[in-house]
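First the structure, in the form of structure tokens, and then the observations on it.
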Amino acid sequence: MKKLTMAAIVSLGLMTGSALAASAWTGGDDLPTNPLACDGTPSPAAAKPYDGGSPTNPPDRKGKKITVVDVPKLIGIGYFNATSKGIQDAAAELGNVDAKTDGPTKANIDEQITFLDNYITSGVDGILFAANDPVAIAPVLKKALEKGINVVGYDANSIPEARQWFVNQAEFNGIAKALVDSMAAEVGDEGGVAIVTSTFTTPNQARWIAEMAAYAEKCHPKMKWLETVEAQEDNNLSFNQATTLINKYGDDLKGIFGMTSVATPASAEAVTQAGKCGKIAVVGLATPNAMKPYVEKDCVKSVVLWNPVDLGYAAMQVLRAVADGTLQPGATSVKAGKLGDLQVINGSEILLGSPYVFTKENIAGFDF
Amino acid sequence: MTALSAHPGRSALHRFIGGYGQEIVVLLSIVALFVVVGIINPRFLSDTNINSIFAGNAYIAIAAIGMSMVIIAGHIDVSVGALIGVIATIAGTLAVNGYPVWVAWVVPILFAMAVNAGVGALVAYTRIPSIVVTLGMLSILKGGLISITAGEWISDLPTEFMIAQMRPFGIPSAVYFMVLLTAVAALFMRYTDFGRSIYAVGGNMEAARAAGINPERTVVGVFILHGLFAGIAGILFATQLQVIQSTVPPNLELTVITASVIGGVSILGGTGTVIGSTLAAILFACIGSALIFLNVSAYWLRAVLGLLILATVLADMARRRRVT
Amino acid sequence: MTASRLLRHETILGVLTVIALIVLASLSDKFFTAENLLNQGRLMSEVGLVALAMTFVIVTGGIDLSVGSILGLTAILLGVFWKNLGLPLPAAMVLALACGTFAGWVNGLIITRFRVPPLIATLATLALYRGLAEGISEARSVRGYPEWFFFFGQGEVLGVPFQLWVLGLATIVAAVILGLTPFGRATYAIGANETAARFSGIRVDAVKLWIYTGAGFCSALAAVIFVSRVTTTRSDMGTGLELDVITGVVLGGTSIFGGRGTIIGTVLGLILIQALKNGLALSGVKGDGTIVVIGLVLIGAILAGALFDRNRGG
Amino acid sequence: MGARAMQGERAGDATAEDRAALPIELRAVSKSCAGIKVGNTVSFDMRPGEVHALMGENGAGKSTLIKIMAGLHQPDEGQILINGEPVRFSSPRDAHAAGIATVHQELLLFPELTVAENIYLGQTPKTPLGAIDWPAMRRGARALLQSLDSGDLDIDQKVTTLSVGNRQRIEIARALAQDARVLIMDEPTAALAEHDVQRLMSIVRTLCQRGVAIVYVSHRMPEIFALADRVTVLRDGQHVATRPVCDVDEPTLVSMMVGRSIDRLYPAKQGQDGETVLELRNVSQRSVVRDISFSLRRGEILGLAGLVGSGRTETALTIFGITPATAGDILINGRPVKIGSPEAARDLGIAYVPEDRGHQGLIRAQSIAENIALANLKRLTRGVIVDMTRVMAEAKQAIARFGIRARGPDQLVRQLSGGNQQKVVLGKWLATNPRILIMDEPTRGIDVGAKAEIHLLMRKLAGEGMAILMISSELPEVLGMSDRVLVMNGGRIVGEFDKVEASAEAVGTVMTRSYSKDDAA
């Protein structure tokens, strides 16, 4: 027994050491980063040829009624309810689409694959997806393409050749810039900040954290990253983790980044309940409805997010355009109903727009 | 051989240590943790941190009380996490739809007791193992919750509904609940016939029957009580934050079961106390918080936690072997 | 020798499965096609492999909650051995399999040597192994496996998915071991009365150690197939696998108290669950509805079995 | 013969006034269990302060009758009267309320609870607020145990740590705590050693003096004659007779029970002892078995006597490899061997029929065939597959050879009677072709008829050359069956007697003498 305890203590020590030695922000991935210019000058986008896949011998679906299934990362959370609503809105507007949303109850790649597989068998015309893992989902998407199904991603990408188009809500480096700039505006350039994320394995969050680290190093080099904690997609755990951070760092903690629409309001709640409003800034990705109480109380100044309803809407519009053949490889823009023309970037991605920053002034105008 | 004075009854202290071995071990671990982490990082001992460790995890401790009763009675419930999610959702829905606050608190608890009465009846009268019934229940509650709510968040909850956020005398109400319920449950388990019959049924069902106890009714009763505690835990869970997620909190059942077991409740039934499970729930919360305070690499956090659970289990086995 | 007694539950389950297949086939014409069925076989292979081993575990009266974590750990190790340590992929596969098997052996050791109840022992290693997977990988994925490696998870032999052959073979081997060999008889004996088994000259601890080690091996094998199928390695792979596996095994009529259960039952249980998941999805029932149905079927089937047993005066 | 003459004589002669004072009376009760009628119109009554022995072979209906009185079963016909008033027991609680308590054979106690609580569970003393009054409970428990001359028991100890004899005293204390006027004792001595039996008998006498009526179920004749006032015999669910004990003798009772006369209880030795097959030289196992040396010859039945806890069973477990020896040598056919596991013991030709059939000997939920195959799997395997035809054939053979009364090899063991279960254990071990057979309490809880069969079988096996080591707590059995008797005390062998020298007095004295730690033989 003593031996085990010793082993536990030793390994604890080792892990402490390794944590201190690590330079990059915990929770980021190891893919190359591409931080934007500090002043917001758009980096010259190198025109990239179309790198998406294409379905094998798809039937002519132009103008015909099609059935579409939307398989998000998981069902039963506010964010994907909103995208689902956008998809339904677009389907209703188009009039010739029969769309439904179905998916796993937890963000599990294996179950998501099973769902996709079942819908491929059932013979849908189009698939919308938000991938739990960009690589793991590829084989089943390729299978869909082989069956002549139109495949469009949104929110979380797969590797390009496994789908036709991807509707990009905002580029990773754009989100990173918006978050870090907002934080810097509130806490100044030298404050200590911590991050509450879902899990380290969630690809989007990992990408954002990596981009944030790169951008902060480039443009706010004195911003001090303290720690990243995991909190699943769980309200209470996020709250507890944020509270622990507040207690641990005391006045050294100036700001908390919430990386998910669950973590951000929970962090705001933690700051509120700790009586630290105005002393600790919360900046993060979140839906406006969940953040209204905190924004109205001035506890949170800015919330960064795209409009998920628009994201779903755009994804549905793109899928229809692909099915109709109006969106072809090489196009530079696509018409997306009420959203107007959306720009094609990175070869096979369609950009929804810049991330939107909600503030006290405008947040009341949004309901999702 | 028959010397009457051989055991005039062991000393009260000896009896206490003999009866509460695991509880004492857990309590000492908590104290040791506070001392060690407090020395390394004094902020760990700040009242706000201690408050938040206790308040933030009170619902786990309370759910573990009911779980301990179920396990002492020789059963198990793997659906408690799903049940808590459902209760929170019902409570929030009632609260935002203008029902009086007490309705929003009480109705979900009654619902939890009713569901568990059904589970208990299936377990007691059809003799289907509880793990099977609750495994099925887990699916039903989880799937049902998502079907009905689609995971729509509930927000704009009335302030007077937020019982967990009230702070009488500066201490979060959740802490009062945890302490009070643990004390009441401990007294109940020790000083009432029903409490003792839970031990009896878990220890030896046939002997319980012969002693005039109705084991079936006891099992149903235990599950209903478990529903009561899960219900209260669910209400605290629901009122901790401004929004209710309408989902099943991930892995909550494993956390609750682990707390019961580490607190000294034998998985074979018949022995353990609810004080132990509450202490173990607190220990877990402390460890989770302490690991962050100690700067353990976030990537290795779970491994360390697993190692600590394993160490506790093995230490317990070693202790038991010494005793017998 | 006592086939009629053991097969009682399996008969009910078989009838139930056939009814489910007929109903589901009538609800969707896409369901009962060779292509779909083979594909479903592919999808259930990993759960199936682990369920075979879990049947042994539960028949001894034990349980193994750590199988999902072993799967995750093995997957991560496979990636780390290959990418970070630069081992040739086949060597990395063998080594990862060995590590997963070792993890199962450790479970067995804790249970037999230190007499920790299996539920508690594997509850602890559930957290430990998942934590190791997370720590070792630092949550990074390993990708870019060579094309030949995908054969294990995506390839076909004679038109049948590769892993279905593996599962089929494993099922036959497991059925023979559990049903016909001295090892199998020992497994039942341990579950029904461990002391009597020991007093009959059966090496109880050795048998149990083998079984938990086997569960580790099966989980590791499932991990390799899983990685090959999804072409990437993540530390959260196999999360929640234990509940799916246990549901299948228990639905298959294996008594959670030990001493009773068959491989045929487990296979039927798995088929029924997979058929429901797939068939209901094809008939337009959404995932959350399917979960509810599976919960009801689980309780209903066990209830039917219990009532049937009672009516027979058993 | 005798049975027919006694048929008419029931407890119907008491006057109406007498009857009102009877703590319990059963009139013509019967109960059908799964289609088989048991306790067919039995009438039975108890007088205050008497010991009423209830006898009969297993399956005669004793258990059913007891369960009816304890409120666990409801009779289909007939009446139960308490103090002359008809009552209906719908649960054990009702029976308790009527002053009827039971000491069950399987000792229904709660292992994880303390002695005090085990005594009072279900009827705990309460404080005025309705809470359990623990101090009162502990006081009461201590007083009760004192009154049973068992004040040495620690009331705060968990029952799981206690011996069988002590547990039984707790059950009796429990009955007293219920203020029982009728105490049913179901084979109370079946698991007790001689010493504990004496102690129990004195407790029973104390209880009678206090006016408690005792229903005493036992297979052991000496106890019946020493304790009982009246005896009721059941056979095949029929009430055979109720008689004052002074009116009957042992052969009469036996013939009433089995419906025929059994002339010889212990079969005579056949043939000569052969060479030594097993020899122990200074074998020790920690501090439980100390410095044991003896030898066992072909064709010999060696009796191992001693109190429970004297190291008899522990010696057997050491020879059988469950708890391997920590010092000394074991020789088989003159060759030193190492026995580290039951498997090794079996492969050396050692078989062990354990004392606790249900727990150690058999898998009750499995069939006869499965049980018999269990110790013989290696031999019954062809290639890697267990040869089912051979398993069935061997099971059938065992059923025929040992006269196991069963429907067939497929029948579940738990459905068999105690004697037949014991034969299955024997069948399992004899199928391993052993040269050495260790039998621990071979006839515990087995009725008279089956007991004789087992004894006959043991003698026959010895005659065929088997070396048998028999452990028994029943002194008559040890003396009757053994060719030689070893006596153990405190983990050591303290005496050896041959057939001629062995007498109850001689053996009993050595068994119970207290030795100081170092001077034992």
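Do we find that D:I372 is in a helix (DSSP H, G or I), modelled with pLDDT of 90 or more and more than 25 Å from C:F183 (Cβ to Cβ) in this structure? Judged against the criteria, D:I372 is not a match. Cβ-Cβ distances below 6 Å connect the following pairs, each with a first residue in region A:68-94 that is on the phi > 0 side of the Ramachandran plot, a second residue that is outside any helix (DSSP H, G or I), and a separation of six or more residues or different chains: A:G76/A:T105; A:G76/B:G151; A:G76/B:T247. Residues of region A:221-263 that are touching a residue at least 60 places away in the same chain (Cβ under 8 Å) and either of a type in the set (S, T, Y) or not in a strand (DSSP E or B) (or both): A:T228, A:E233, A:D252, A:M259, A:T260, A:S261, A:V262, A:A263. Within the set of pairs 6 or more residues apart or between chains, which connect a residue that is within 14 Å of chain C (Cβ to nearest Cβ) inside region A:27-38 to a residue that is of a type in the set (V, I, T) and surrounded by 13 or more Cβ atoms within 10 Å (Cβ to Cβ) with Cβ atoms less than 8 Å apart? From residues that are within 14 Å of chain C (Cβ to nearest Cβ), the pairs are A:G27/A:I195; A:G27/A:T197; A:G27/A:I209; A:G27/A:T228; A:G28/A:I209; A:D29/A:I209.
From the list D:K423, D:K396, pick out the single residue that is more than 26 Å from the chain's Cα centre (by Cα) and either within 25 Å of D:E106 (Cα to Cα) or modelled with pLDDT of 90 or more (or both). Walk me through how you get there before you give the answer.
Values: D:K423 fails: more than 26 Å from the chain's Cα centre (by Cα).
That would be D:K396, the only listed residue that is more than 26 Å from the chain's Cα centre (by Cα) and either within 25 Å of D:E106 (Cα to Cα) or modelled with pLDDT of 90 or more (or both).
On the basis of being surrounded by fewer than 23 Cβ atoms within 10 Å (Cβ to Cβ) and free of Cβ contacts under 8 Å to residues at least 60 places away in the same chain, does D:Q178 make the cut? Talk me through it step by step, then tell me what you get.
Details: surrounded by fewer than 23 Cβ atoms within 10 Å (Cβ to Cβ): yes; free of Cβ contacts under 8 Å to residues at least 60 places away in the same chain: no.
Taking the combined requirement at face value, the residue does not satisfy it.
Does C:W165 count as in contact with a strand residue (DSSP E or B) (Cβ under 7 Å, 6 or more places away or on another chain) and assigned to a helix (DSSP H, G or I)? Taking the combined requirement at face value, the residue satisfies it. With (1) outside any helix (DSSP H, G or I); (2) facing chain C (nearest Cβ under 9 Å); (3) buried (at least 22 other Cβ atoms within 10 Å of the Cβ) as the list, and B:G272 as the residue in question, which single condition is left unmet? Checking B:G272 against (1) outside any helix (DSSP H, G or I); (2) facing chain C (nearest Cβ under 9 Å); (3) buried (at least 22 other Cβ atoms within 10 Å of the Cβ), the one that fails is (2).
Exactly one residue out of A:A231, A:A206, A:A216, A:A185 is out of contact with any helix residue (DSSP H, G or I) (no Cβ under 6 Å at 6 or more places or on another chain) and crowded, with 20+ Cβ neighbours inside 10 Å, and it is A:A206.
With within 13 Å of chain C (Cβ to nearest Cβ), assigned to a helix (DSSP H, G or I) and crowded, with 24+ Cβ neighbours inside 10 Å as the only criterion, which of B:V261, B:V248, B:V265, B:V219 stands out?
On the way: B:V248 fails: assigned to a helix (DSSP H, G or I); B:V265 fails: assigned to a helix (DSSP H, G or I); B:V219 fails: within 13 Å of chain C (Cβ to nearest Cβ).
None of the other options fit; the residue is B:V261.
Within region D:368-409, the residues that satisfy the criterion of being in contact with a Pro (Cβ under 7 Å, 6 or more places away or on another chain) and more than 8 Å from every other protein chain (Cβ to nearest Cβ) are D:I368, D:A395, D:K396, D:I399. Of all residues in region D:43-56, none are out of contact with any helix residue (DSSP H, G or I) (no Cβ under 6 Å at 6 or more places or on another chain), modelled with pLDDT of 80 or more, under 28 Å from D:S417 (Cα atoms) and within 11 Å of another protein chain (Cβ to nearest Cβ).
When you scan region C:288-296, do you find a residue that is among the polar types (S, T, N, Q), away from chain B (no Cβ under 14 Å) and under 25 Å from C:T33 (Cβ atoms), even just one?
Residues of region C:288-296 among the polar types (S, T, N, Q): C:290.
Filter again for away from chain B (no Cβ under 14 Å), leaving none.
The answer is no, given that none of the residues of region C:288-296 is among the polar types (S, T, N, Q), away from chain B (no Cβ under 14 Å) and under 25 Å from C:T33 (Cβ atoms).
Among the conditions (1) of a type in the set (F, W, Y); (2) crowded, with 24+ Cβ neighbours inside 10 Å; (3) at pLDDT below 90, the only one that A:Y313 does not satisfy is (3).
Within the span defined as region B:110-124, one or more residues are within 20 Å of the chain's Cα centre (by Cα), within 17 Å of B:A233 (Cβ to Cβ) and either at pLDDT below 90 or β-branched (V, I, T) (or both).
Determine, yes or no, whether D:D236 is under 14 Å from D:G449 (Cβ atoms) and either at pLDDT below 80 or not hydrophobic (A, V, I, L, M, F, W, C) (or both). Before you say what the answer is, go through the steps one by one.
Details: under 14 Å from D:G449 (Cβ atoms): yes; either at pLDDT below 80 or not hydrophobic (A, V, I, L, M, F, W, C) (or both): yes.
Yes.
Restricting attention to helices (runs of 4 or more DSSP H) lying wholly within region D:88-150, give those where 3 or more residues are within 8 Å of chain B (Cβ to nearest Cβ) and more than 21 Å from B:L187 (Cα to Cα). Of the helices (runs of 4 or more DSSP H) lying wholly inside region D:88-150, those with at least 3 residues that are within 8 Å of chain B (Cβ to nearest Cβ) and more than 21 Å from B:L187 (Cα to Cα) span D:92-97. Of all the listed residues (A:G78, A:G40, A:G28, A:G63), the sole one being modelled with pLDDT under 75, under 28 Å from A:L311 (Cβ atoms) and not charged (D, E, K, R) is A:G40. For the condition more than 28 Å from A:Y154 (Cα to Cα) and at pLDDT below 90, A:Q232 does not qualify.
Of all the residues that make up region B:116-155, how many are assigned to a loop (DSSP other than H, G, I, E, B) and either more than 7 Å from chain C (Cβ to nearest Cβ) or in contact with a Ser or Thr (Cβ under 9 Å, 6 or more places away or on another chain) (or both)?
Restricting attention to region B:116-155, the residues satisfying the condition of being assigned to a loop (DSSP other than H, G, I, E, B) are B:127-129, B:150-153, B:155.
Now drop any that are not either more than 7 Å from chain C (Cβ to nearest Cβ) or in contact with a Ser or Thr (Cβ under 9 Å, 6 or more places away or on another chain) (or both), which leaves B:129, B:150-153, B:155.
Number satisfying all stated conditions: 6.
Out of the residues in region C:147-205 that are crowded, with 18+ Cβ neighbours inside 10 Å and aromatic (F, W, Y), state the one that is nearest to the other protein chains (Cβ to nearest Cβ). Residue satisfying both the conditions and the ranking: C:F199.
Is it fair to say C:S137 is among the polar types (S, T, N, Q), under 22 Å from B:L254 (Cβ atoms), buried (at least 18 other Cβ atoms within 10 Å of the Cβ) and at the interface with another protein chain (Cβ under 9 Å from one of its Cβ atoms)? Answer is yes for this residue. When C:R260 is tested against (1) touching a residue at least 12 places away in the same chain (Cβ under 8 Å); (2) in a helix (DSSP H, G or I), only condition (2) is not met.
Within region B:38-60, restricting attention to residues that are more than 10 Å from every other protein chain (Cβ to nearest Cβ) and under 20 Å from A:A231 (Cα atoms), which residue is modelled with the lowest pLDDT? Among those that are more than 10 Å from every other protein chain (Cβ to nearest Cβ) and under 20 Å from A:A231 (Cα atoms), it is B:F54.
When you scan region C:142-150, do you find a residue that is touching a residue at least 60 places away in the same chain (Cβ under 8 Å), in a helix (DSSP H, G or I) and of a type in the set (V, I, T), even just one? The answer is no, given that none of the residues of region C:142-150 is touching a residue at least 60 places away in the same chain (Cβ under 8 Å), in a helix (DSSP H, G or I) and of a type in the set (V, I, T). Taking region A:95-122 as the range and being facing chain C (nearest Cβ under 10 Å), out of contact with any strand residue (DSSP E or B) (no Cβ under 8 Å at 6 or more places or on another chain) and part of a loop (DSSP other than H, G, I, E, B) as the test, the residues that pass are A:P104, A:T105, A:K106, A:A107, A:N108.
Among the residues of region C:211-228, those identified as surrounded by fewer than 24 Cβ atoms within 10 Å (Cβ to Cβ) and either touching a Lys or Arg at 6+ places or on another chain (Cβ under 8 Å) or within 12 Å of chain A (Cβ to nearest Cβ) (or both) are C:I225, C:S228. Might you let me know whether region A:189-202 holds any residue that is more than 8 Å from every other protein chain (Cβ to nearest Cβ), in a helix (DSSP H, G or I) and crowded, with 24+ Cβ neighbours inside 10 Å? No, region A:189-202 has no match at all.
Elements of the type strands (runs of 3 or more DSSP E) sitting completely within region D:449-521 and holding at least 1 residues that are at pLDDT below 90 and surrounded by 15 or more Cβ atoms within 10 Å (Cβ to Cβ): these cover D:484-489, D:492-498.
The values are calculated or read from the model by the stated rules, or taken from the named source; none is laboratory data. What you are looking at is a predicted structure, and each value in this text was computed from that prediction instead of being measured. Neighbour counts are summed over all protein chains in view; Cβ atoms, including those assigned to glycine, are modelled from backbone coordinates with ideal geometry.
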